[in-house]
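The values are calculated or read from the model by the stated rules, or taken from the named source; none is laboratory data. Everything numeric in this text was worked out from a predicted model, so none of it was measured. With ideal geometry, Cβ positions are generated from the backbone for all residues, glycine too; neighbour counts draw on all protein chains shown.
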Amino acid sequence: MTVWDRADGLLRYLNKNSIRLGDVTRFYALDNTSNLTTAEELLAWTASEEISEIRTLAEYIDGEGWAKFKSTPRSGSSGNDLLELMLLPLGYKRLAELDGANSDSSQGFVAMWFDSSMAEVYEKGIEPAIRDSGYKPIRIDKMEHANNIDDEIIAGIRRSRFVVADFTSEPDKPCGGVYFEAGFALGLNIPVIWSCRANMIDKVHFDTRQYNHITWETPEELRDKLNKRISAIIGDGSYKAI
C-alpha cells in the first residue's frame, strides 16, 4: 500500500471507531498492552508493523486537516506518550471523495484474463474474496446478455462499487481489455484494486506499474490479500457475513 492508501486506511478506522462526532481514539507511543485491541486494529488497517508508523500517518492526516492529532507526555512513562486522534469534518469529506461513484453499489466488477488456466484463480481466489468482503462479484463472461459485449462491460463497470483488475496474462501478451477496463473505471472515479501473479509483475506496463499491485502465487494467497485490501480501501459491503 502507498502512504496515501495507508493514511486513508487510518481515516476509515477512525470513522469505524467513532460512534459519535468528536469521538477520540486513544493509544500509546510504545506500550499498548493495556490497549491491545485498538493497537492491533490500527496496525492492520494501515498495513503498519510499528506504532511509530501510525504516529507518522497521524501527523500526516493532522497536517491535511482531516483529523486532530494530540500527543501528551505521561509522567514517568519513559516516552510512552498518550496519543489521541479525532476525525474532523474535512476527514469525513475526504472519505466521501474516496467512496467516489456508486457508493451504494453492492457489486465488484472483475477484469481478468479469461483463460482456462485462470479458472481456479477466480473460483478459489477472486470470487470468494469479493464475497468475503460483502460484495457480489461480476464477471462479464459469466453474465447472460443479448447486447454488444463492449456495451455490457461499460454498463457493468458503471454500476460497480469497485473494479478488481488482475494483469496476469500469457508472457509478452498483455490483456489489453484489462487495461481498458481499469482505465475506464479510474475515469469514472471508481476505485481499482490491482493484482498480478508474482512471476508476471515485471511484465506489467510501466504506465500502471506505479500502482500498488497485490502480488500472489496461489489462489488462496490472493483470496486473503484481496479480501483485506477491499475491506481496508473500500470497506465491507452489505452482504458481509455476520
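What's the total number of residues in region 1-20 that are in contact (Cβ under 8 Å) with a residue 40 or more places away in the chain, over 13 Å from Leu95 (Cβ atoms) and part of a helix (DSSP H, G or I)?
Here the count works out to 3.
Using beta carbons and a limit of 7 Å, which pairs, at least six apart or on different chains, have the first residue in region 60-82 and without any contact (Cβ under 8 Å) to a residue 60 or more places away in the chain and the second one β-branched (Val, Ile, Thr) and not in a loop (DSSP other than H, G, I, E, B)?
Pairs found: Ala67/Ile61; Asp81/Thr72; Leu82/Thr72.
In region 99-116, how many are closer than 15 Å to Gly156 by Cα, surrounded by fewer than 18 Cβ atoms within 10 Å (Cβ to Cβ) and modelled with pLDDT of 85 or more?
Adding up the residues that qualify gives 1.
Wholly within region 142-242, which helices (runs of 4 or more DSSP H) include no fewer than the required count, namely at least 3 residues that are aliphatic (A, V, I, L, M) and closer than 26 Å to Ser48 by Cα? Steps first, answer last, please.
Values: elements: 149-158, 176-187, 206-209, 219-233.
Because the criterion is at least 3 residues that are aliphatic (A, V, I, L, M) and closer than 26 Å to Ser48 by Cα, the helices (runs of 4 or more DSSP H) in region 142-242 that meet it are 219-233.
Is it true that Ala96 is among the hydrophobic types (A, V, I, L, M, F, W, C) and either crowded, with 20+ Cβ neighbours inside 10 Å or at pLDDT 95 or above (or both)?
no
Mind listing just one residue for me: the one in region 145-170 that is of a type in the set (S, T, N, Q) and either under 17 Å from Asn227 (Cβ atoms) or out of contact with any Lys or Arg (no Cβ under 9 Å at 6 or more places or on another chain) (or both) and, of those, modelled with the highest pLDDT?
Pass one, region 145-170, residues of a type in the set (S, T, N, Q): 147-148, 160, 168-169.
Adding the requirement that they be either under 17 Å from Asn227 (Cβ atoms) or out of contact with any Lys or Arg (no Cβ under 9 Å at 6 or more places or on another chain) (or both) leaves 147-148, 160.
Numbers: Asn147: 52, Asn148: 56, Ser160: 93.
Here the answer is Ser160.
Answer yes or no as to whether Ala39 is closer than 22 Å to Ala96 by Cα, assigned by TED's automatic domain parsing to the domain that holds Asp81 and in a helix (DSSP H, G or I).
Considered against the rule, which asks whether it is closer than 22 Å to Ala96 by Cα, assigned by TED's automatic domain parsing to the domain that holds Asp81 and in a helix (DSSP H, G or I), Ala39 comes out as no.
So which residues in region 1-11 are touching a Gly at 6+ places or on another chain (Cβ under 8 Å) and modelled with pLDDT of 90 or more, if there are any at all?
Within region 1-11, Leu11 is the sole residue that qualifies.
Just name the residue that is modelled with the highest pLDDT out of those in region 12-61 that are small (Gly, Ala, Ser) and surrounded by 12 or more Cβ atoms within 10 Å (Cβ to Cβ).
Here the answer is Ala58.
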